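Chemist: Before I ask anything, here is the structure I am working with.
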Amino acid sequence: MTSLDHLFSAAEAARKKAYAPYSHFAVGAAILGADGKIYAGCNIENAAYPEGTCAEAGAIAHMVMAGVTGLAEIAVVGGPVDKAEILCPPCGGCRQKLREFGGLAAKVHLRDAAGVIQTFRVEELLPVSFGPEHL
Ligand code: THU
């Protein structure tokens, strides 16, 4: 198993924990932190819809709680609950969160139902972005 396979396995396991009774769309994310460890998260929805949180946010929260504030890579898998994954690009808010902790060069790996992996840099997903160096 490659290190990327490990990252996707962790994202898949996280996706199984998704709490998504409203959208019925389950997402899992797994970060490779600057310490070499994996931090995962799932989406957690809420009856007050805007209070729901994305899988990427959960993974980042786990990483920061472990004392790590830098990420090198993240793998994201998502799709309808109990169905095969579809390509699940991070939402705009999550792109900004990844930019905070991963910088422009961090890699975002996505996988479609056929198992094809697409990799983007944060800079491609969020061009001309606002970041810590602007403050
Ligand atoms: N979702 C994520 O967890 N990450 C994303 O980047 C895209 C969307 C979640 C939010 C919501 O619980 C569900 O997917 C449908 O939008």
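Chemist: Which of the following residues is more than 23 Å from Ser129 (Cβ to Cβ), of a type in the set (A, V, I, L, M) and within 11 Å of the ligand (Cβ to nearest atom): Ala14, Ala40, Ala29?
Modeler: Criteria check complete, one pass: Ala14.
Chemist: On to the next question. Looking at Tyr49, is it at pLDDT 95 or above, within 14 Å of the ligand (Cβ to nearest atom) and of a type in the set (Ser, Thr, Tyr)?
Modeler: Spelling it out, Tyr49 is indeed at pLDDT 95 or above, within 14 Å of the ligand (Cβ to nearest atom) and of a type in the set (Ser, Thr, Tyr).
Chemist: Taking the conditions exactly as written (within 13 Å of the ligand (Cβ to nearest atom) and touching a helix residue (DSSP H, G or I) at 6+ places or on another chain (Cβ under 9 Å)), does Gly78 satisfy them or not?
Modeler: Yes: the conditions hold for Gly78.
The values are calculated or read from the model by the stated rules, or taken from the named source; none is laboratory data. Remember, it's a predicted structure, so these values are computed and weren't measured experimentally. Counting neighbours? That spans all protein chains shown, and the Cβs are built from the backbone with ideal geometry, glycine included.
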